[in-house]
């Protein structure tokens, strides 16, 4: 059974920021490739929503409601509610993301 996948406005902005950065500092082709791969990973959550692990950043503070999947070095952080998947964050995993996660996911 397929789940519905919803990408939040913040996550949409994240995808566009990644694309813009790569297009400016690398190449448009790399930006297209990375964005396409990230969207592929997001699309796979329709069929396999529980495949991701719990983010260590959030487990440290006792939160087990969110999951993450990767297209390295990027992290996609999401939550499964009933038959829906909500994408909250798409970010470079090399960044210190604890404050970003706390701001977006725990408000």
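Every read-out reported here was derived from the displayed coordinates using simple, explicitly stated rules and does not represent laboratory data. Given the structure is predicted, the values throughout are model-derived calculations rather than measurements. Backbone-built Cβ (ideal geometry, glycine too); neighbour counts: all protein chains shown.
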Subject >> Rounded FRET efficiency, nearest 0.05, which uses the C-beta distance separating residue 21 from residue 54 and R0 of 25 Å >> reply: 0.35
**OP:** Using a Förster distance of 25 angstrom, determine the FRET efficiency expected from the C-beta separation of residue 102 and residue 72, and round it to 0.05.
**Re:** 0.65
**OP:** Please give the helix 9-25 orientation as an angle from the longest Cα principal axis of the chain, in degrees from 0 to 90, rounded to the nearest 10.
**Re:** 30
Original post:
Which value at 222 nm does the chain reach when only helices count, each DSSP H run of 4 or more adding -39,500 (n - 2.57), with the total divided by all residues and rounded to the nearest 500 deg cm²/dmol?
Top reply: -13000 deg cm²/dmol
Original post:
Between residue 30 and residue 43, what is the label-to-label distance in nm when each label sits 7 Å out along the Cα-to-Cβ direction?
Top reply: 2.4
Original post:
What angle, in degrees between 0 and 90 and rounded to the nearest 10, separates the Cα long axis of helix 28-44 from the longest principal axis of the Cα atoms of the chain?
Top reply: 20
